[in-house]
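Colleague: The structure follows.
The values are calculated or read from the model by the stated rules, or taken from the named source; none is laboratory data. On a predicted model such as this, the values are computed, not experimentally measured, just so you know. Every residue, glycine among them, receives a Cβ derived from its backbone with ideal geometry; neighbour counts consider all protein chains shown. Areas reflect the complete protein model, heavy atoms only, side chains present, ligands, DNA and RNA absent. Shrake-Rupley method; radii C 1.70, N 1.55, O 1.52, S 1.80 Å.
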Amino acid sequence: MLETSSTAQVGAAAAAPLPLEGIVVLDMSGALGNYCGKLFADLGANVILIEPLAGAATRWMEPKIDGRADAEASLTFAYNNTNKRSICLDLDRLDGQEIFRQMVAGAHLLIETERPGVMEARGLGYDALRKIAPRLVMTSITPFGQSGPYAQWQAEDIVGMALGGMLSLGGYFDSPPLAAYGYQAFAAANLFGAVATLAAVYEAEVSGSGQHVDVSMQECVVMGMENAVQFFELEGTIRKRNAGQQRQAGTGVFECKDGSVYLMAGGIGANRFWGTTVQWLLDEGVEGAEDLQDSRWAKVDYLATDEAKEAFKNIFNRFARNLTKLELYTRGQARRIPIAPINNTADILQSRQLQNRGFFVQAMLEGVASDGKQFVMPGAPYKLSATPWRLRRGAPKLGEHTGEVLAEFGISQKRQQQLQQQGVVR
């Protein structure tokens, strides 16, 4: 059982106001926008997840609990839709579009991820909706944005990584590109979308006029290329994959008793760290460590040779393979040597630092588990001292709040029954 926070802290957080209370958000997005909506929901906004009658496509994203295939089994959906309510509404029907307009009239923000032109074809494009709600912010997150020759193209996460350039840097130098685990391009689009959207919502509060926020997944991925573009612009150098390669002896990934560590003894700050690392190995009585005192090891050009890399690896491995990641980290830190354990999922879950800060939270996700199971999930990676984040409800079941939400927007019980009979809502 993880210790997430003290009882007193929980009570104080539950009593505190939330920073985005009063903001009404209509989230009809898919994987490109669900996390963006979650960030608003987790900070107190009233986020209504608008799903088609069969459910959002994200309800079928892997991984799934116990290998199930139903609409409530996706753990990805469960995480990305906390603190939201779900309504099922057919936006391709005229009655459904009319209900949607009534909802827009009472909303501050709409997040959507449809292909450009789809909302306009329904009569629900930004120009039409702003006539109903002049202060509405509409955020459209798509693979390539609302304009340009690629605007109509569809793309999954790996396509965003590829066409954004990031995939070219992932993987080993002597193999095809490899994508990092998880939906990194989707995550980038969601995060940049959330930042731009919050700025637009604030501006709308000040000016009384909303705007259309156009987010391109491809452009968000390009933003993560760090200095790769500048290298090409200034030097004509195309950065390449280098995973699995040591740039210099003493710097890179080394095996140990229970996994791997990253060590930086050579390269940046070589004069400082090399000597302390060599002294560490000498003090530990590591066979061959005395050879590292030779003058040739002080030359950066020699450190970059295969001979030097292999020699250092053989010496360090004799020492590291008998120690755990934590033992190496503790001993190295005591000597102020840059060394870090390469944590896996289990390590992260058991991290004393993350436990102390109450980062992981336990949630009852009724939409995913009907047997009362609790799930440990990441909380917020930030702490607001006056208006703290908190988990108020798990991800909703499909259409769980349709009647409740429609009533809030003035749809009578009789009208709701008619809409349900007609297959407009569920």
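Colleague: Considering every residue within segment 131-142, establish whether at least one is part of a strand (DSSP E or B), over 18 Å from Ser207 (Cβ atoms), at pLDDT 95 or above and not β-branched (Val, Ile, Thr). Step through it out loud before you land on a result.
Modeller: Let us first name the residues in segment 131-142 that are part of a strand (DSSP E or B), namely 137-142.
Next, only the ones that are over 18 Å from Ser207 (Cβ atoms) stay: 140-142.
Of the ones still in play, those that are also at pLDDT 95 or above are 140-142.
Among the residues that remain, those that are also not β-branched (Val, Ile, Thr) are: 140.
Yes, because at least one residue in segment 131-142 is part of a strand (DSSP E or B), over 18 Å from Ser207 (Cβ atoms), at pLDDT 95 or above and not β-branched (Val, Ile, Thr).
Colleague: Quick check on this structure: which one of Gly125, Gly164, Gly160 is closer than 24 Å to Asp92 by Cβ, at pLDDT 95 or above and among the small types (Gly, Ala, Ser)? Before the answer, list the steps.
Modeller: Details: Gly164 fails: closer than 24 Å to Asp92 by Cβ; Gly160 fails: closer than 24 Å to Asp92 by Cβ.
Every option except Gly125 fails the conditions.
Colleague: Residue by residue through segment 113-125, note down the ones that are charged (D, E, K, R) and farther than 15 Å from Gln152 by Cα. Quick ask: steps written out before the conclusion?
Modeller: Quick first cut of segment 113-125, residues charged (D, E, K, R) only: 114-115, 120, 122.
Across segment 113-125, the qualifying residue is only Arg122.
Colleague: Sticking with this structure for a sec: Looking at segment 374-392, which of the residues that are modelled with pLDDT under 90 and surrounded by fewer than 16 Cβ atoms within 10 Å (Cβ to Cβ) is nearest to Ser351 (Cα to Cα)?
Modeller: Looking at residues that are modelled with pLDDT under 90 and surrounded by fewer than 16 Cβ atoms within 10 Å (Cβ to Cβ), I get Val376.
Colleague: Go through Asn34, Asn46 for me and flag whichever is of a type in the set (S, T, N, Q), modelled with pLDDT of 95 or more, open to solvent by less than 30 Å² (accessible area, probe 1.4 Å) and under 23 Å from Gly403 (Cα atoms). Let's see the steps before the verdict.
Modeller: On the way: Asn46 fails: open to solvent by less than 30 Å² (accessible area, probe 1.4 Å).
Only one candidate qualifies: Asn34.
Colleague: Further question on the same structure: Among (1) under 30 Å from Val104 (Cβ atoms); (2) assigned to a helix (DSSP H, G or I), which single condition is Ser209 missing?
Modeller: Of everything listed in (1) under 30 Å from Val104 (Cβ atoms); (2) assigned to a helix (DSSP H, G or I), Ser209 misses just condition (2).
Colleague: Residues that are in contact (Cβ under 8 Å) with a residue 24 or more places away in the chain and under 30 Å from Lys383 (Cβ atoms): list the helices (runs of 4 or more DSSP H) wholly contained in segment 40-125 that include at least 3 such residues.
Modeller: Values: elements: 75-80, 94-105, 118-121.
Answer list for segment 40-125: 75-80.
Colleague: When you look at Phe192, is it at pLDDT 95 or above, in contact with a helix residue (DSSP H, G or I) (Cβ under 8 Å, 6 or more places away or on another chain) and assigned to a loop (DSSP other than H, G, I, E, B), yes or no?
Modeller: Numbers: at pLDDT 95 or above: yes; in contact with a helix residue (DSSP H, G or I) (Cβ under 8 Å, 6 or more places away or on another chain): yes; assigned to a loop (DSSP other than H, G, I, E, B): no.
Taking the combined requirement at face value, the residue does not satisfy it.
Residue-by-condition table, conditions (1) open to solvent by 90 Å² or more (accessible area, probe 1.4 Å); (2) under 29 Å from Tyr302 (Cβ atoms); (3) among the aromatic types (Phe, Trp, Tyr):
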{"position": "Val215", "(1), (2), (3)": "no, no, no"}
{"position": "Glu219", "(1), (2), (3)": "yes, no, no"}
{"position": "Leu234", "(1), (2), (3)": "yes, yes, no"}
{"position": "Gln246", "(1), (2), (3)": "no, yes, no"}
{"position": "Thr251", "(1), (2), (3)": "no, yes, no"}
{"position": "Ala265", "(1), (2), (3)": "no, yes, no"}
{"position": "Arg272", "(1), (2), (3)": "yes, yes, no"}
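Colleague: Only residues that are open to solvent by 40 Å² or more (accessible area, probe 1.4 Å), in a loop (DSSP other than H, G, I, E, B) and over 11 Å from Tyr262 (Cα atoms): list them for segment 314-345, please.
Modeller: Listed by number, the residues that qualify are Arg321, Asn322, Arg335, Arg336, Asn344.
Colleague: Of everything in segment 144-157, what is under 16 Å from Asn190 (Cβ atoms) and either more than 21 Å from the chain's Cα centre (by Cα) or not in a loop (DSSP other than H, G, I, E, B) (or both)? Give them in sequence order.
Modeller: If the condition is that a residue be under 16 Å from Asn190 (Cβ atoms) and either more than 21 Å from the chain's Cα centre (by Cα) or not in a loop (DSSP other than H, G, I, E, B) (or both), then Asp157 is the only one that fits.
Colleague: Give Val286, Val368 a once-over and let me know the one that is modelled with pLDDT under 95, crowded, with 16+ Cβ neighbours inside 10 Å and touching a helix residue (DSSP H, G or I) at 6+ places or on another chain (Cβ under 6 Å). Even if it seems obvious, please write down each step before you answer.
Modeller: Details: Val286 fails: modelled with pLDDT under 95.
Criteria check complete, one pass: Val368.
Colleague: Can you find a residue that is touching a Pro at 6+ places or on another chain (Cβ under 9 Å) and either closer than 22 Å to Val195 by Cβ or open to solvent by 20 Å² or more (accessible area, probe 1.4 Å) (or both) anywhere in segment 171-178?
Modeller: Filtering segment 171-178 for residues touching a Pro at 6+ places or on another chain (Cβ under 9 Å) gives 171.
From the residues that got through so far, the ones that are either closer than 22 Å to Val195 by Cβ or open to solvent by 20 Å² or more (accessible area, probe 1.4 Å) (or both) too are none.
Checked against the condition, which is being touching a Pro at 6+ places or on another chain (Cβ under 9 Å) and either closer than 22 Å to Val195 by Cβ or open to solvent by 20 Å² or more (accessible area, probe 1.4 Å) (or both), segment 171-178 yields no hits at all.
Colleague: Inside segment 179-195, can you point out the residues that are of a type in the set (Ser, Thr, Tyr) and surrounded by fewer than 21 Cβ atoms within 10 Å (Cβ to Cβ)? Even if it seems obvious, please write down each step before you answer.
Modeller: Step one: list which residues in segment 179-195 are of a type in the set (Ser, Thr, Tyr), which gives 181, 183.
Across segment 179-195, the qualifying residue is only Tyr181.
Colleague: Please go through segment 18-39 and pick out each residue that is under 19 Å from Glu62 (Cα atoms) and either over 19 Å from the mean Cα position of the chain (by Cα) or in a loop (DSSP other than H, G, I, E, B) (or both).
Modeller: Ser29, Gly30, Ala31, Leu32, Gly33
Colleague: What about Ser209, is it open to solvent by less than 10 Å² (accessible area, probe 1.4 Å) and touching a Pro at 6+ places or on another chain (Cβ under 8 Å)? Walk me through it before giving the result.
Modeller: Numbers: open to solvent by less than 10 Å² (accessible area, probe 1.4 Å): no; touching a Pro at 6+ places or on another chain (Cβ under 8 Å): yes.
For Ser209, the condition - open to solvent by less than 10 Å² (accessible area, probe 1.4 Å) and touching a Pro at 6+ places or on another chain (Cβ under 8 Å) - is not met.
Colleague: Here's another thing I want to ask about it. Run down Leu39, Leu26 and say which single residue is modelled with pLDDT of 90 or more and within 24 Å of Phe359 (Cβ to Cβ). Let's see the steps before the verdict.
Modeller: Details: Leu26 fails: within 24 Å of Phe359 (Cβ to Cβ).
Of Leu39, Leu26, the one residue that is modelled with pLDDT of 90 or more and within 24 Å of Phe359 (Cβ to Cβ) is Leu39.
Colleague: Related question: If Met223 passes every condition in (1) surrounded by fewer than 18 Cβ atoms within 10 Å (Cβ to Cβ); (2) modelled with pLDDT of 95 or more; (3) not charged (D, E, K, R) but one, which one does it miss?
Modeller: Result: Met223 passes all but (2).
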